[in-house]
There are 2 protein chains.
Amino acid sequence: MARNGSYVSEAVIRRMPKYYRYLEDLEKTGVERVSSKELSQRMGLTASKIRQDFNCFGGFGQQGYGYNVSDLKKEIMKILGLDRTYNVIIVGAGNIGQALANYTGFEKEGFFIKALFDINPKLIGMSIRDIMIYDLDSLEDFLAKNPIDIAVISTPKDKAQEVADRLTRNGIKSIWNFAAIDVAVPRGVIAENVHLSDSLYTLSYRIRESLE
Amino acid sequence: MARNGSYVSEAVIRRMPKYYRYLEDLEKTGVERVSSKELSQRMGLTASKIRQDFNCFGGFGQQGYGYNVSDLKKEIMKILGLDRTYNVIIVGAGNIGQALANYTGFEKEGFFIKALFDINPKLIGMSIRDIMIYDLDSLEDFLAKNPIDIAVISTPKDKAQEVADRLTRNGIKSIWNFAAIDVAVPRGVIAENVHLSDSLYTLSYRIRESLE
DNA sequence: ATAATTTTGTTAAAAGATTGTCATATCGAG
DNA sequence: CTCGATATGACAATCTTTTAACAAAATTAT
């Protein structure tokens, strides 16, 4: 996908979803074209950076015109892999697991939650938006019978690595982890660790800093 | 807090919560001392980077010995502003708002949720872990009577900026935003934007990349 | 007590990311 | 159809971040 199969830096990749967000907004408000300068003002980035970011993946713009909003959005969707669907399971049907299952927004982008798993007998057998909560014991069985692209880990911290191991042993290649550890995965498996508390502590860092 | 009031880069700041996590684990497992080399192996960073990061804030280590785990942890807690407590409110008692209110982990670090706010009549009057859900109309009144340090925004996307404006107009100086926009805040106000979907799309980017 | 080892804090070098500049292409007005 | 304005894509320069190297200090072993 990168221009010539060449390396695209982490910094650029992390900005792509942000571009997607802003382009979606522009498209929704009926804007047809946008220049890097205009985008830069809205997004708080430099125009140069924006042009260079897009050029990591190919020349989507036109001199004298700028970028066509919906074309560019489509290109970025392709880059981000949002031109297909994903089957997702959630392991851990506690606070975060339930919140994610209840949220319908990810479905709109092609991420379909197929099942939840937990060890709590009170939860097993229940369902959230018609998504069943299964006994964690049946995880292996479920994975053998259903093609799952992404597994979300939303268990307590101390169970997360064990769950990650079970998932990867049973063919899971991508993990979206919400537990407060960085889960270790074998080569060939992708793990994206979300650390909400890290974000909160960055905020409290800035509060302290502002009081100096 | 920075060594001599000098600037500490964003990259360093973002790593501090991660150090805190690992140091907490080490402390819990009874480890007394740790070297930058050992930490680097656990955390997947270079020892050099770790030493330089800590030195942005002062020399916490000792040659030939390394770092005392609990001392270093305490220093990082100070740096992150975790040596005090914060009063928090949550605006938007939907999926994410409720999940955050139900989660008891933040309290352990000194973040106390004092109230939730929503516009949904079915939610108003209810409570989560003894935290009341109030009518959003009473937000101004509540803020006038209670000293609040941090406001969480977990409303739908299209209400987030409006809520942010109301919050800052009424004295809120720090916002932890979960809505899928970057909320704009006046100078002097701190906003930390969490974009869960950005994280998910980064994962799908990598999935696509791995299939090339 | 001494020597060898460990490990920091610091400085310098290397790598990486961002910004500024400019030639060139396209657009749009007259 | 021509000219001026606009805006990209590419490259060079700058700035930032990371890595490597090393002297100095403390620890540990003998």
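The values are calculated or read from the model by the stated rules, or taken from the named source; none is laboratory data. The structure presented is a predicted model; accordingly, all values stated were derived computationally and were not measured. Cβ sites come from the backbone with ideal geometry, for glycine too, and all protein chains shown count toward neighbours.
So the values come out like this:
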read-out	value
First in segment A:55-77 and under 11 Å from A:Glu32 (Cβ atoms) and without any contact (Cβ under 8 Å) to a residue 40 or more places away in the chain, second anywhere and away from DNA strand C (no atom under 13 Å from the Cβ) and acidic (Asp, Glu), Cβ under 9 Å, 6 or more apart	A:Gly66/A:Glu38
Among (1) out of contact with any Phe, Trp or Tyr (no Cβ under 7 Å at 6 or more places or on another chain); (2) away from chain A (no Cβ under 12 Å); (3) among the hydroxyl-bearing types (Ser, Thr, Tyr) - the single one B:Tyr7 does not satisfy	(2)
Residue match in segment B:32-54 (condition: among the aliphatic types (A, V, I, L, M), without any contact (Cβ under 8 Å) to a residue 40 or more places away in the chain, within 30 Å of A:Ala99 (Cβ to Cβ) and assigned by TED's automatic domain parsing to the domain that holds B:Val163)	no
Members of segment B:22-62 found to be within 13 Å of DNA strand D (Cβ to nearest atom), within 14 Å of chain A (Cβ to nearest Cβ) and outside any helix (DSSP H, G or I), listed by number	B:Gly44, B:Leu45, B:Cys56
Top-ranked residue of segment A:63-109 - restricted to ones that are more than 23 Å from A:Lys159 (Cβ to Cβ) and in contact with a strand residue (DSSP E or B) (Cβ under 7 Å, 6 or more places away or on another chain), ranked as nearest to DNA strand D (Cβ to nearest atom)	A:Gly66
Among the candidates A:Leu167, A:Leu139, A:Leu200, A:Leu116, residue that is at the interface with another protein chain (Cβ under 7 Å from one of its Cβ atoms), more than 16 Å from the chain's Cα centre (by Cα) and surrounded by 20 or more Cβ atoms within 10 Å (Cβ to Cβ)	A:Leu200
Neighbours by Cβ (under 8 Å, 6+ apart or cross-chain): first from segment B:79-105, on the phi > 0 side of the Ramachandran plot; second assigned to a helix (DSSP H, G or I) and crowded, with 21+ Cβ neighbours inside 10 Å	B:Gly81/A:Tyr201; B:Gly81/A:Ser204; B:Gly81/A:Tyr205; B:Gly92/B:Val163
Extreme residue, farthest from A:Asn193 (Cα to Cα), among residues of segment A:80-97 that are part of a helix (DSSP H, G or I) and within 7 Å of another protein chain (Cβ to nearest Cβ)	A:Asn95
A:Gly44 vs. criteria buried (at least 16 other Cβ atoms within 10 Å of the Cβ) and within 14 Å of DNA strand C (Cβ to nearest atom)	no
